[in-house]
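Chemist: Structure incoming, see below.
The values are calculated or read from the model by the stated rules, or taken from the named source; none is laboratory data. Predicted, not measured: the structure shown is a model, and the values here were computed from it. Please note: Cβ atoms are built from the backbone with ideal geometry, for glycine as well, and neighbour counts cover all protein chains shown. Heavy atoms of the whole protein, side chains included, go into the accessibility calculation; ligands, DNA and RNA do not. Shrake-Rupley method; radii C 1.70, N 1.55, O 1.52, S 1.80 Å.
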Amino acid sequence: MTKDDWNDLGPSLRAMPPETSEAAPKDNAVRRTYLELRNLIVSGAMAPGSPVMDQRVAEVVGVSRTTVRSALRQLAAEGYVTSVSIGDHHSRFDVGPLTIDEMREWYSIYGALEGIAARGAAMLAGPLRREIAECVRELAQAHLDAGSGDDPRHDQVQRIDADLHNTFVQAGGGPRLLQQYAMVGPHVERYGTFYATALVRKLFTEIYHEHCAIADAIAAGDPDLAERSAVANWHNATVRFETVMRRSGERGNWATDRKEQEQQESG
């Protein structure tokens with residue numbers, strides 16, 4: 001990121017209270033720094049592939065450079081940033097790229113978790129699962145309405161879609177599944193931030209039917225079908241996003257960028 005980029009982010013980061021020995025122990029400071037940086041990465045405020053200047057983060061956030069690097073190591077372990085060793089004692093951190101291969105993997109994991117949760121929702125007592133299914137159907141219609149027409153409301157689409165999936169995941173998932181789901185979710189959200197607006201409007205009708213298939217299977221109390229329907233929804237999402245990403249390009253993947261540049265120069 002450029003100096004101007006960091007100046008633009010300054011007000012957001014400065015909203016965090018400064019680190020003090022009494023009010024913010026080291027572990028809390030690392031956690032707060034981690035969450036703030038993760039939010040900036042997921043929202044796209046920190047662009048894929050851009051360098052993360054730990055000294056600048058430390059100055060703006062009001063924490064030590066050691067705290068920032070601890071947060072960055074956690075982000076690297078979870079795939080939000082990449083780390084390259086520079087010498088024996090230093091590392092360079094960059095915001096993780098958005099690639100087709102990683103998108104496929106994150107979406108497959110997310111779909112598998114949702115499939116298990118949908119199975120659990122379909123095994124609930126009749127009145128409860130029918131209530132869940134009806135809520136999913138209503139959100140599916142709202143999702144279709146927000147994404148269709150001459151003026152798609154993309155912010156609403158993202159929010160409604162998240163609410164729809166959370167409806168049956170929270171109902172049918174156990175604590176371990178929900179923990180993993182919360183961990184994977186921001187990775188999936190990153191791709192939506194950058195690519196969802198490029199989806200063709202007619203696809204919202206296709207997505208609507210996929211959402212309704214999940215609701216119907218849950219209402220019918222068919223665990224196998226509910227799991228297959230949820231997994232199929234994310235499989236289809238993978239195909240849709242891969243199409244968009246191949247058309248508009250990956251983000252922050254310098255190896256791909258160099259290859260494309262070489263092809264253009266040779267052509």
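Chemist: Not counting ligands, DNA or RNA, and with a 1.4 Å probe, what is SER64's accessible surface area in Å² rounded to the nearest 10?
Modeler: Around 50 Å² of this residue is reachable by solvent.
Chemist: Also, I was wondering about something else. Just to confirm, what accessible area per residue do you get for region 107-183 at 1.4 Å probe, in whole Å²?
Modeler: 50
Chemist: Have a look at ILE160, ALA171, ALA142 and report the one farthest towards the positive end of the charge dipole of region 130-178, computed about the Cα centre with Cβ charges (Lys/Arg +1, Asp/Glu -1).
Modeler: ALA171
Chemist: So, with a 1.4 angstrom probe, what is the percent of accessible area on region 106-238 that is carbon and sulfur?
Modeler: Here carbon and sulfur together make up 55 percent of the probe-accessible area.
Chemist: Return the sequence-ordered ³J(HN,Hα) values of region 60-71 in whole Hz as given by the Karplus equation 6.51 cos²θ - 1.76 cosθ + 1.60 applied to θ = phi - 60°, using x for Gly and Pro.
Modeler: Each residue's phi maps through the Karplus curve to give 6, 6, x, 10, 6, 5, 4, 4, 4, 5, 5, 5 Hz.
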